[in-house]
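Student: To start, I am sharing the structure in question, which I have written as structure tokens.
The values are calculated or read from the model by the stated rules, or taken from the named source; none is laboratory data. If you're wondering where the values come from, they're calculated on a predicted model, not measured in any experiment. Note that each Cβ is placed from the backbone with ideal geometry, even for glycine, and that neighbours are counted across all protein chains shown. In case anyone asks, the SASA skips ligands and DNA or RNA and just uses the protein heavy atoms, side chains included. Shrake-Rupley method; radii C 1.70, N 1.55, O 1.52, S 1.80 Å.
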Amino acid sequence: MTSESSFGMLFDDRVDTCYAAHMSSAPAITRLLNMEELLEKKSHFLLGPRQTGKSFLIAQSFRNVRVYDLLDTSVYLALSQRPQRLAEELTPKNRIVVIDEIQRLPGLLNEVHRLIEQRGIRFLLTGSSVRKLRQGGVNLLGGRARTKYLHPLTHKELGEHFDLNRFITRGGLPSIYFSEESRADLDAYTGSYLQQEIVAEGATRNIAAFSRFLKVAAYCNATIVNFTNVATDAQVPRTTIYEYFEILKDTLIIHELPAWRETKQRKPLASSKYYFFDIGVVAAIQERQYRRGTPEYGEAMETYLFHELKSYVNYVSGEPLAFWKSKSGFEVDFILGDHTAIELKASENVGPNDLKSLKALAEERKLKRYLCVSLEARRRQIGEVTILPIQEFLKNLWDEAYS
């Protein structure tokens, strides 16, 4: 605690103790989001699932920054009863202020708005859900704050510490990737945290039904979801399934990947696919381990590659990300921007049949390049399709070679 306030505290003293304990033996990892640069001119929302490293990142980025942790009951009660207390506690020295888990008290945004306007304070508003921020006409600061998302660790951030099989097994949550007991930590994350997050949202009181749904949803990862089948398997009404998927999207646990519909010769499907934000979390919910050479390993690699592409789009390029599937059955995993088609094959020997969808898409003459990302050791070219090792693709991606 600081001497300035009973409720505000300095971020140096704030980092979650469990997270810090997990990370104490981990190497120093520089995250791609530069928080100081982001806050130089504008307030920001920083959103991401729990344990993606928001608190740790902010603690690394700022010193002696005032933080209000809305998971702290005393802080929450004080500000919920008198939001103007925020203005009373802040001094001219407080040019940057962090409010953690802002979704717990959306009404506080009115006071934040006023302080941005009247005092020029720059706020960093962190959260693990956007559900309550989107409901009830909440003041989202009228464009006075931008939004950034923090994802699990990426290939570029890990650098020499990156190991594909380790990532597929554990996922990219920092405290779990470097954990000595990663499986136990993943089980704890998926077993208690996800349910607690949903309860905290007040989104559903039927935890048993939601738990059944969550497991079924995990098995639908990286697919076009048949909501009727999910409802049957989870023993939940179809209308509730739609609501549950929205909950997972709002709590940033899954991402929707829209269909790319620009082809003319082959009519495209319009339905979206859904990916969990972290492959380790998927594995824990499914209660399985992915072994190289199995179909499940290929699905896991696809989810991992989606994570890298989604992170790249959010951190760097801002381009749309989609997938393509024709009504005749051709499918390409990812379309990056308006220039690059990417198909993932978890094979050390890519054959002609593996390239059929990419070749069919190439006939449309819509994109600049057609890539087959694989486990092959060396790059090679077959017609318009480039087959390349996944490590080479990831390096090229983060070097911004594809545009």
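Student: Say a paramagnetic label sat at a point 7 Å from the Cα of residue 313, along Cα to Cβ; which residues of the stretch 388-403 have their backbone N under 18 Å from it?
Tutor: 394, 397-403
Student: How long is the gain from residue 73 to residue 87 if the chain were fully straight, where each residue apart is worth 0.36 nm and the alpha carbon distance is subtracted?
Tutor: On the way: separation 14, 0.36 × 14 = 5.04 nm, distance 1.93 nm.
Result for the pair: 3.1 nm of gain on full extension.
Student: Quick one: if you stick a label point 7 Å off each Cα along the C-beta vector at residue 331 and residue 206, how many nm between them?
Tutor: 2.9
Student: What residue among 326, 220, 96 has its Cα farthest toward the positive end of the dipole of the chain, where the charges are +1 on Lys, Arg and -1 on Asp, Glu, each on the Cβ?
Tutor: About the Cα centre, the residue reaching furthest to the positive side is 326.
Student: Output needed for the stretch 360-403: three equivalent-ellipsoid semi-axes, defined as square roots of 5 times the C-alpha gyration tensor eigenvalues, in descending order, whole Å.
Tutor: Rounded to whole Å, the semi-axes are 19, 14, 7.
Student: Within the accessible area of the stretch 340-403, what % is carbon and sulfur when the probe is 1.4 Å and the other protein chains stay in place?
Tutor: Details: 1310 of 3050 Å².
Solvent-exposed carbon and sulfur of the stretch 340-403 make up 43 percent of the total.
Student: Exactly which trypsin sites (Lys or Arg not before Pro) in the stretch 222-300 are in a DSSP loop and have at most 10 other Cβ atoms within 10 Å? Provide the component values of the computation, followed by the final result.
Tutor: Numbers: sites: 238, 249, 261, 264, 266, 273, 288, 291, 292; in loops: 261, 264, 266, 288, 291, 292.
Taking the stretch 222-300 and a limit of 10 other Cβ atoms within 10 Å, the loop trypsin sites (Lys or Arg not before Pro) found are 264.
Student: If you line up the long axis of helix 109-119 against the longest principal axis of the chain, both from Cα atoms, how many degrees apart are they, to the nearest 10?
Tutor: In the chain, helix 109-119 runs at an angle near 70 degrees to the longest axis.
Student: Short version: ³J(HN,Hα) in whole Hz for each residue of the stretch 43-52, in order, from phi by Karplus 6.51 cos²θ - 1.76 cosθ + 1.60 (θ = phi - 60°), x for Gly and Pro, what are they?
Tutor: 5, 9, 8, 10, 10, x, x, 4, 6, 6
Student: I've got another one for you. Using the basic label-point model (7 angstrom from Cα toward the beta carbon), what is the residue 187 to residue 34 distance in nanometres?
Tutor: It works out to 4.3 nm between the two label points.
Student: Something else now. Apply the Karplus curve 6.51 cos²θ - 1.76 cosθ + 1.60, θ = phi - 60°, to the phi angles in the stretch 227-243 and return the couplings in whole Hz, x for Gly and Pro.
Tutor: 5, 5, 5, 4, 4, 5, 5, 8, 6, 9, x, 4, 4, 5, 4, 4, 5
Student: Report, for the chain, the % of DSSP beta bridges that are antiparallel, rounded to 5. Mind showing how you got there, number by number?
Tutor: Values: 19 of 48 bridges.
Percentage antiparallel, nearest 5: 40.
Student: Cα atoms only, the chain: Rg and Dmax in Å?
Tutor: Rg, Dmax (Cα atoms, Å): 22.2, 69.
Student: Beyond 25 Å between alpha-carbons counts as too far, so tell me which of 54/249; 156/345; 156/356; 273/345; 41/395 fall in that bin. Intermediate values should be presented prior to the final figure.
Tutor: Details: 54/249 19 Å; 156/345 21 Å; 156/356 31 Å; 273/345 18 Å; 41/395 31 Å.
Beyond 25 Å between Cα atoms: 156/356; 41/395.
Student: Along the charge dipole of the chain, Cβ charges K/R +1 and D/E -1, which of 274, 182, 73 sits furthest on the positive end?
Tutor: Value: 274.
Student: Roughly how many nanometres apart are two label points built 7 Å out from the Cα toward the Cβ at residue 369 and residue 228?
Tutor: 4.2
Student: Can you work out the Karplus-derived ³J(HN,Hα) for every residue in the stretch 363-376? Use 6.51 cos²θ - 1.76 cosθ + 1.60 with θ = phi - 60°, whole Hz, and x for glycine or proline.
Tutor: Rounded to whole hertz, the list is 5, 6, 6, 9, 10, 7, 8, 10, 10, 10, 8, 8, 9, 5.
Student: Just check the stretch 218-356 against the gyration tensor rule for me: Cα atoms, a ≥ b ≥ c as the square roots of the eigenvalues, rounded for a/c under 1.5, and otherwise prolate or oblate depending on whether a/b exceeds b/c. Walk me through the numbers before you get to the answer.
Tutor: Working: a/c = 1.40, a/b = 1.23, b/c = 1.14.
The shape class here is rounded.
Student: For the chain, what is the accessible area per residue in Å² when the probe is 1.4 Å? Could you put the intermediate results ahead of the total?
Tutor: On the way: 17820 Å² over 403 residues.
Per-residue value: 44 Å².
Student: List the residues whose amide H sits under 5 Å from the amide H of residue 65, counting only those 5 or more places along or on another chain, with H placed 1.01 Å from N in the peptide plane.
Tutor: Those lying under 5 Å, H to H, from residue 65 are 11, 12.
Student: For the stretch 212-263, report the % of Cα-Cα distances exceeding 12 Å. The partial results should precede the final answer.
Tutor: Values: 863 of 1326 pairs.
Result for the distance tail: 65 percent.
Student: Over the stretch 151-300, with every protein chain in place, what whole percent of the accessible area is carbon and sulfur at 1.4 Å, could you tell me?
Tutor: Numbers: 3020 of 6620 Å².
That fraction is 46 percent.
Student: Next question. Express in % the proportion of alpha carbon pairs of the stretch 31-117 at distances exceeding 17 Å. Provide the component values of the computation, followed by the final result.
Tutor: Working: 1836 of 3741 pairs.
Looking at the stretch 31-117, the distances longer than 17 Å represent 49 percent of pairs.
Student: Something else about it: Any idea what log10 I(q)/I(0) is at q = 0.15, 0.29, 0.32 Å⁻¹ for the stretch 140-181, Debye with uniform C-alpha scatterers and no solvent?
Tutor: Debye output, listed in q order: -0.47, -1.06, -1.21.
Student: Just how many % of Cα pairs in the stretch 90-168 lie over 21 Å apart, if you round to the nearest whole percent?
Tutor: Working: 1323 of 3081 pairs.
The answer is 43 percent, as a whole percent.
Student: When only C-alpha pairs under 8 Å and at least 6 residues apart count, what is the relative contact order of the stretch 64-192, in percent? Walk me through the numbers before you get to the answer.
Tutor: Working: 125 pairs, mean separation 23.6, N = 129.
Relative CO of the stretch 64-192 lands at 18 percent.
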